[in-house]
Amino acid sequence: MTPSPQAPSPLRHDGHLVEALLLFLKQLTAHARWVFVVLLLLYAISGIRTIQPQETALVRRLGRLQPDLHGPGLLIGLPAPFDEVLRFETGRDQSLPLDQWALVGGKIGDPDKFVEKSDAQLSQEIRTPEIEESERQKFENMTLNPVLHGYTLTADYNVIQGRFTLRYRITDPFAHASAGTDIGTLLARLARRSLAIQLAARKIDASLTSDRSEVAGKAAASLQDAATRLQLGIRVSGIDIVTLSPPSQVLMAFEEVVNARQFAKTMAENSLQYQGETITKSEGDAAAILQRGQAYSAELIATARGEAGAFTSVLENYRRQPELVAQRILRESLDAAMSQIYSRTLLPAENSAPSILVEPSPNFSR
């Protein structure tokens, strides 16, 4: 009687994985063993990763985050699922769109529930002037819904909507990874809260015009304080205001009011400019007339003083020698008159004394 072949001893229920692996390899053929070794080596090599430039990596090993930071280059670790590599772009700013306050775009059914969008949805929402105008016409007659349509209030109880972009950079990857798995949602809510505080402290006209950059700057500073307090490991680079305007339902009326105010301001500025130009011209004309009058007055006074001095001198000579002065004055007068005569005619005396008719030269004729 031939003995029956000895059956393989069963694995113990509390056996190790290595023992099971050795038994499995023992039962394989030589070629199968080499194939298995190659696959095992490839699996081990899969633990080598490449960290790209401007990236910093952390390793989560068996669910526990390791404290070592890994820069650009090769990262040698255990293959998945033992090691999980977390990559962070620390060399450049990251952008986070904030579209929850836009009439068209990220609508929410629950105010506390964030809706994730796919890449296709985001690519379809690229803003162009044509899309903005078509959406404005589409939603002009729609009632503003406080649940479906995002908005915030201003200090003068007006409703304002807008699109914003948060720019930030990861400065502490370990703190950033330890803060949670959905940091983007937390940052978006903190940013909206900071913007709401700034917009609620100002009237709508100031937020749309003079305080626009101040709103973004102070909101970014407030967000940075909150991120530092929560140890999110980021540095806020800034908040960009893409669009900021009243709701589309009242935008046309609001633009008419703004245009009317701008027209009134322009008319007032033109009036002030015309007033200034007119006053300046009138003051110049008055100064010129006054200067001419003063010059004419000085000339008359000087002429009168000269004539008075000459008359006084003649008067003194006349008092001393009246006949001699009278003859001199008569001769001077005749010389002056005769120098202006063009022709002379002597009329014969028949019944009266002879007469002389004189005709002045053309230069002195009137």
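Annotations
- When +1 charges are put on Lys and Arg Cβ atoms and -1 charges on Asp and Glu Cβ atoms, the dipole computed for the stretch 258-317 relative to its Cα centre reaches about 400 debye.
- When the trypsin sites (Lys or Arg not before Pro) in the stretch 146-193 are filtered for DSSP coil states and for at most 12 other beta-carbon atoms within 10 Å of their beta-carbon, no site remains.
- The distance between label points at D225 and Q291 comes to 6.2 nm (points 7 Å beyond Cα on the Cα→Cβ vector).
- For the stretch 203-249, the carbon plus sulfur part of the accessible surface works out to 50%, probe radius 1.4 Å.
The values are calculated or read from the model by the stated rules, or taken from the named source; none is laboratory data. Please read these numbers as outputs of a predicted model, since none were measured by experiment. Note that each Cβ is placed from the backbone with ideal geometry, even for glycine, and that neighbours are counted across all protein chains shown. The accessibility values were calculated without ligands, DNA or RNA, using every heavy atom of the protein model including side chains. Shrake-Rupley method; radii C 1.70, N 1.55, O 1.52, S 1.80 Å.
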